[in-house]
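Working notes, structure below.
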């Protein structure tokens, strides 16, 4: 699993290194009993929703938010479907080009940035499942952050999940 870390460039102020554009941000909060919550944008202006793991839960939310990148990945897959070859050197070049172009799509300005936070009661499996959803949904910009009091308050007031 490839993880992109925040920038280390000296020309970026410290407070801006992990800051993401609020209109492209989605915060995912992991909690006990496999509960998962999310909100989009700034916490002060957002409604928090409870959801579930899997295709009808957080994945559907992320796929909808990342539809343009999903379409580009499908087009890339289609383009490369006929390129695989028995020639080892050419196949290696094709794989490297595919990985680079996939990474460019995942990290482009069209993809959302995810902030993943976990309560003390969440499990490591919850975090692994959330990271899997990032891969499945082609989201290359995500960070694991510490949960704060405002986040805990937001999940107390979350809109309940309905199947």
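The values are calculated or read from the model by the stated rules, or taken from the named source; none is laboratory data. Source: prediction; values computed, not measured. We place every Cβ from the backbone using ideal geometry, glycine too, and count neighbours over all the protein chains shown.
Miscellaneous remarks
- So residue 149, is it at pLDDT below 95, over 16 Å from the mean Cα position of the chain (by Cα) and not assigned by TED's automatic domain parsing to the domain that holds residue 59: no
Matching residues to (1) modelled with pLDDT under 95; (2) under 18 Å from the mean Cα position of the chain (by Cα); (3) farther than 18 Å from residue 158 by Cα; (4) not assigned by TED's automatic domain parsing to the domain that holds residue 157:
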site	(1), (2), (3), (4)
30	no, yes, no, no
52	yes, yes, no, no
77	yes, no, yes, yes
123	no, no, yes, no
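- Filter pass, residue 143 being assigned by TED's automatic domain parsing to the domain that holds residue 43 and either at pLDDT below 95 or more than 17 Å from residue 32 (Cβ to Cβ) (or both): yes
- Residue check for residue 39: out of contact with any helix residue (DSSP H, G or I) (no Cβ under 6 Å at 6 or more places or on another chain) and either outside any loop (DSSP other than H, G, I, E, B) or under 17 Å from residue 145 (Cα atoms) (or both): yes
- Residue within the stretch 100-119 that is under 17 Å from residue 30 (Cβ atoms), assigned by TED's automatic domain parsing to the domain that holds residue 36 and free of Cβ contacts under 8 Å to residues at least 60 places away in the same chain present: no
- Test: residue in the stretch 155-162 that is farther than 14 Å from residue 36 by Cβ, in the same structural domain as residue 62 (by TED's automatic domain parsing) and in a helix (DSSP H, G or I): yes
- Residue in the stretch 13-28 that is nearest to residue 130 (Cα to Cα), counting only those that are in contact with a helix residue (DSSP H, G or I) (Cβ under 9 Å, 6 or more places away or on another chain) and either buried (at least 18 other Cβ atoms within 10 Å of the Cβ) or at pLDDT 80 or above (or both): 28
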